[in-house]
Amino acid sequence: MASQHPETLALHAGWRRDAATHAVAVPIYQTTSYQFDSTENAANLFALKELGNIYTRIMNPTTDALEQRLAAMEGGVAALALASGQAASAFAVQNLARAGDNIVASTDLYGGTWNLFANTLRDQGIETRFVDPSDPEAFRRATDDRTRAYYAETLPNPKLRPFPIAEVAAIGRPLGIPLIMDNTAAPLVVRPFEHGAAVVMYSLTKYLGGHGNSIGGVIIDGGTFDWEAHPSRQPLLNEPDRSYHGAVWTQAVKPLGPIAYIIRARVVLLRDLGAALSPFNAFLILQGVETVALRMKAHCDNALAVAKFLRSRREVTRVIHPSTLTGLDAEWTRKYMPHGQGGLVGFELAGGAEAGRRFIDSLKLLYHVANIGDARSLAIHPASTTHSQLSAEEQFATGVSPGYVRLSIGIEHIDDILADLAQALDAAGG
Ligand code: PLP
């Protein structure tokens, strides 16, 4: 596929037609296993001397088309699809760090990722050092000999300020530390590999799937990070793997390209932990991916219009959207999101928590759900839902005030979205 354009790759990369039936749409290969041609072929597949299908926990042709498509669209070399975004975040880190190691992560993370890092991975012996992303040098200061990766989100909510990808990637690369970017909120809008990220992950549940019907995740290997340059920094890729006849991943798959990271994630972590995406979900997500470029443009345009509209309303004390940022945050918005700023908008109601509840209860078009990135417009009042278990101080620390409302603006006609917001604001008062 000669094109470099994500709009074209979204329709064509990774698949032309089915070899047997000539089907154009990617079929759902709903099979667990694949018959070997011979005992020699079976042995070669298991030894990675030949690449081919063995068992759907580790690979599947429907999922493979999705993986190739996403890798091509992102400008990476290989991808691993997984059962959820959570599995993708966990694998992305566990593929480099083991007990006694640490990662340095931005404080501005999705709550599920925060929990995974602060509790579950910590209990497994992997420490996360959280640093404020407004100072890229904080990543360097938190680094020591056991730091295996940096981790951040491109456009974290609720703050919606873009992460300084190039600045932090440039600190890590000379030290042998890859930057892993969660680009869930900004597919196509931000291109993390172009700014030096080594690995990109997504919750496919959001914009890439786009229709609110399937949970999924993916890790994409950019293919430009030199995992061998500092072997002691990345022991899991440079030391013999006792679970695979002593394979050294940076050497074992060299003839196949710069895919040591993603191969290990597949044949070690996916083999052992088993968070496989179902072929049916891969098919549904592929349908979403085909139109994601068009949808992202509509999400960006509508969200910008919503941000402008909210600024004109007297019930609203603050609008949170990249277009409203100032100083360094505004500079990073221009640098990383020159053509659109994503589909998320936050705002604060003067009337506090009570107004927030009234606003949500009055919505007629927007759905009240704990999701983002659906083609439909969505809203949530974090103080009474996702963040209700936190104390008031903890809520403030995560950027959630009592009157804070988060919107994930969809692709409906903008007039209908604004009309629904206007009538709900009238009802919320303040
Ligand atoms: N990363 C981000 C930025 C998210 O918003 C989410 C889910 O909300 C996840 C990761 C986790 O993805 P999933 O729900 O598919 O497990």
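The values are calculated or read from the model by the stated rules, or taken from the named source; none is laboratory data. The structure displayed is predicted, hence computed values, not measured ones. For neighbour counting, all protein chains shown are included, and Cβ atoms are generated from backbone atoms with ideal geometry for every residue, glycine included.
Observations on the structure shown:
- Positions within the stretch 382-405 being away from the ligand (no atom under 16 Å from the Cβ) and not polar (S, T, N, Q), in sequence order: ALA383, LEU390, ALA392, GLU393, GLU394, PHE396, ALA397, PRO402, GLY403, TYR404, VAL405
- Number of the condition not met by ILE103 [criteria: (1) within 25 Å of ALA25 (Cβ to Cβ); (2) among the β-branched types (Val, Ile, Thr); (3) touching a Ser or Thr at 6+ places or on another chain (Cβ under 6 Å)]: (1)
- Test result for ALA169, modelled with pLDDT of 95 or more, within 16 Å of the ligand (Cβ to nearest atom) and either acidic (Asp, Glu) or touching a Phe, Trp or Tyr at 6+ places or on another chain (Cβ under 9 Å) (or both): no
- Annotation note: Cβ proximity below 6 Å between a residue of the stretch 283-294 that is farther than 11 Å from SER214 by Cα and a residue that is of a type in the set (Asp, Glu) and surrounded by fewer than 20 Cβ atoms within 10 Å (Cβ to Cβ) (sequence gap 6+ or interchain) occurs for ALA293/GLU7.
- Only one of ASP329, ASP301 that is under 20 Å from ALA10 (Cβ atoms), surrounded by fewer than 20 Cβ atoms within 10 Å (Cβ to Cβ) and either acidic (Asp, Glu) or not assigned by TED's automatic domain parsing to the domain that holds PHE347 (or both): ASP301
- Residue in the stretch 301-308 that is modelled with pLDDT under 95 and either touching a Ser or Thr at 6+ places or on another chain (Cβ under 8 Å) or among the hydroxyl-bearing types (Ser, Thr, Tyr) (or both) present: no
- All conditions in (1) in contact with a Cys (Cβ under 8 Å, 6 or more places away or on another chain); (2) within 12 Å of the ligand (Cβ to nearest atom) hold for VAL189, with the sole exception of (2).
- Residue in the stretch 173-182 that is surrounded by 24 or more Cβ atoms within 10 Å (Cβ to Cβ) and either outside the structural domain of MET201 (by TED's automatic domain parsing) or part of a loop (DSSP other than H, G, I, E, B) (or both) present: yes
- Considering residues of the stretch 86-117 that are among the polar types (S, T, N, Q) and out of contact with any Phe, Trp or Tyr (no Cβ under 7 Å at 6 or more places or on another chain) only, the residue surrounded by the most Cβ atoms within 10 Å (Cβ to Cβ): SER89
- Test result for THR147, within 10 Å of the ligand (Cβ to nearest atom) and either closer than 25 Å to ARG98 by Cα or not aliphatic (A, V, I, L, M) (or both): no
- Every residue from the stretch 125-140 that is touching a strand residue (DSSP E or B) at 6+ places or on another chain (Cβ under 6 Å) and among the charged types (D, E, K, R): GLU127, ARG129
- Residue within the stretch 200-211 that is more than 16 Å from the ligand (Cβ to nearest atom) and either polar (S, T, N, Q) or under 27 Å from GLY274 (Cα atoms) (or both) present: no
- Of everything listed in (1) within 24 Å of SER203 (Cα to Cα); (2) of a type outside the set (Lys, Arg); (3) touching a residue at least 60 places away in the same chain (Cβ under 8 Å), the single unmet condition for ALA260 is (3).
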